[in-house]
Amino acid sequence: MYELEPGNRLFPYHTHHANEEWLIVLRGEPTLRTAGGEQTLREGDVAVFRRGADGFHQVVNRTDAPVRLLMLSTMLMPEIVEYPDGGKIGARSATGERIMLSRPGPMLDYFDGEED
């Protein structure tokens, strides 16, 4: 459960490649950003964020009062999270430990840097 103060955002705009998430608005009117644009949510609204390209999302509080949100996740690991606004990719291990959070560089050959 999250309490989001006025002017704050819950997370950067992102999508998960392993997990599905659900958002339930418990109090207030947060703004939800998805690939389809922005919309104001109301108490009791539920939003589902599929994994992959169809699941990009961000929640922002543009009101003058705190909003309360419940986020549910399948919590599958390992996980890859994509942040398109910042051009970042995050990866977590099977135990949830962060492996990397970086901007991709040039694609490498599969055997690049490996011994013969």
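Computed quantities for the displayed model
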item	result
Amide H contacts of residue 26 (H built 1.01 Å from N, under 5 Å, at least 5 apart or other chain)	44, 68, 69, 70
Accessible-area order (highest first, 1.4 angstrom probe) of the listed residues 26, 108, 70, 41	108, 26, 70, 41
Cα-based Kirkwood hydrodynamic radius, the chain, one decimal, Å	15.6 Å
Apportionment of accessible area to carbon and sulfur, the chain, percent (1.4 Å)	51 percent
Estimated vicinal HN-Hα couplings, Hz - segment 54-59 in sequence order (Karplus 6.51, -1.76, 1.60; Gly, Pro = x)	7, x, 4, 6, 7, 10
Where segment 66-116 is the region considered: accessible area per residue in Å², 1.4 Å probe	80 Å²
Per-residue HN-Hα couplings for segment 77-88 [Karplus 6.51, -1.76, 1.60; θ = phi - 60°; Hz; x = Gly/Pro]	10, x, 9, 10, 10, 10, 10, x, 5, x, x, 9
Computed FRET value (nearest 0.05) for residue 29 with residue 110, which takes r as the C-beta separation and R₀ as 41 Å	0.25
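The values are calculated or read from the model by the stated rules, or taken from the named source; none is laboratory data. Quick caveat: nothing in here was measured; it's all calculated off a predicted structure. Every residue, glycine as well, gets a Cβ built from its backbone with ideal geometry; the counts of neighbours run over all protein chains shown. When the accessible area is computed, the model is the full protein with side chains, heavy atoms only, and any ligands, DNA or RNA have been set aside. Shrake-Rupley method; radii C 1.70, N 1.55, O 1.52, S 1.80 Å.
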